[in-house]
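Working notes, structure below.
The values are calculated or read from the model by the stated rules, or taken from the named source; none is laboratory data. Just so it is clear, the model here is predicted, and its values are computed rather than measured. Glycine also receives a Cβ, built like all others from the backbone with ideal geometry; neighbour counts cover every protein chain displayed. SASA here: full protein model, heavy atoms, side chains in, ligands and nucleic acids out. Shrake-Rupley method; radii C 1.70, N 1.55, O 1.52, S 1.80 Å.
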Amino acid sequence: MSSPMSASNFLKALKDEGLTVVQVGDWRTHNRNHKGPWGPVHGVLLHHTVTKGTARTVEICRDGHSGLPGPLCHGVIAKDGRVHLVGYGRANHAGLGDDDVLRAVVAEKRLPSDNEANTDGNRHFYGFECENLGDGKDPWPAVQLEAIEKAAAAVCRFHDWDSPSVIGHLEWQPGKVDPRGFSMNGMRNRIHDRLK
């Protein structure tokens, strides 16, 4: 069980991992904390955005849309590998997911199938939205995949977690397909190797 790191420590962790970070507006205090607690935190959740164009993607992830207010994550990982910080605290990114999956993440064990949506993930996960159409055709540039690896590793390193603490939205919530276009097992292997 871990308390969320401070916004300053989050920024430092990302930069220390070698990432280029763009701070967007009042990201440190932009959150949904009035809707419930953030923490204890147990892992990192990865998504794809189903958007095109970094500026528009960052705007949507910061502000949300009519059906879902922002922030929709903590950081947006752009095609060029930059990480845009859009919020900090509780964010609308994980929704309800499977309590069995959460227990596996906490224990850093193999993930079971996600067949329930009964647990508040917004409370327990850091979230990174990754700029991609999610159609299986939109490419994932090497620099972006490296940034995803570094961002997840930065959070894990701070909390002394290993790669099983990093999951995809498709592994958390039934019916989700993101991130589509790269393997979560492959990404966890990369994160594990980085943390050695």
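Per residue, the chain reaches -9500 deg cm²/dmol at 222 nm when only DSSP H runs of four or more residues are counted, each adding -39500 (n - 2.57).
What relative contact order, as a whole-number percentage, does the stretch 19-96 give when Cα pairs under 8 Å and 6 or more residues apart are counted? Intermediate results must be reported in sequence, preceding the final value.
Values: 123 pairs, mean separation 35.0, N = 78.
Worked out over the stretch 19-96, it gives 45 percent.
Report in % the part of the accessible area of the chain that belongs to carbon and sulfur, leaving out ligands and nucleic acids; probe 1.4 Å. After summing per-atom areas, the C and S share lands at 49 percent.
Using +1 at the C-beta of Lys and Arg and -1 at the C-beta of Asp and Glu, which of Ile148, Ala107, Gly181 has the Cα lying farthest in the positive direction of the dipole of the chain? Of the options given, the answer is Ile148.
Which order do the peptides 51-64, 77-90, 110-123, 139-152 come out in when sorted by mean C-beta neighbours inside 10 angstrom, highest first? If you can, show how the numbers build up before the last one.
On the way: 51-64: 17.4, 77-90: 22.7, 110-123: 15.5, 139-152: 18.9.
Highest-to-lowest ranking by the protection proxy: 77-90, 139-152, 51-64, 110-123.
Remark on Gly70: its backbone amide H falls under 5 Å from those of Gly64, His65, a criterion applied only to residues 5 or more positions apart or on other chains, H modelled at 1.01 Å from N. If you find the alpha carbon centre of the stretch 147-174 and of the stretch 10-35, how far apart are they in angstrom? Cα centroid to Cα centroid, the span is 16 Å. Straight-line reach from Lys196: taking Cα to Cα under 18 Å and skipping same-chain neighbours fewer than 8 places apart, the aspartates and glutamates in range are Asp16, Glu17, Glu108, Glu146, Glu149, Asp160, Asp162.
Given a Förster distance of 22 angstrom, what is the FRET efficiency for Ala117 paired with Asp162, based on the Cβ-Cβ distance and rounded to 0.05? Working shown, then result.
Working: r = 26 Å, r/R0 = 1.19.
Here the calculated transfer efficiency is 0.25.
Report, in listed order, any pair from Lys12/Lys176; Lys137/Lys176; Lys109/Lys137 with a Cα-Cα distance greater than 29 Å.
Numbers: Lys12/Lys176 31 Å; Lys137/Lys176 17 Å; Lys109/Lys137 31 Å.
Checking Cα-Cα distances, Lys12/Lys176; Lys109/Lys137 exceed 29 Å.
For the chain, the per residue solvent-accessible surface stands at 44 Å², with DNA, RNA and ligands left out and a 1.4 Å probe.
Note down the relative contact order for the chain as a percent, whole number, built from C-alpha pairs under 8 angstrom at least six residues apart.
Working: 439 pairs, mean separation 54.0, N = 196.
In percent, rounded to a whole number, it is 28.
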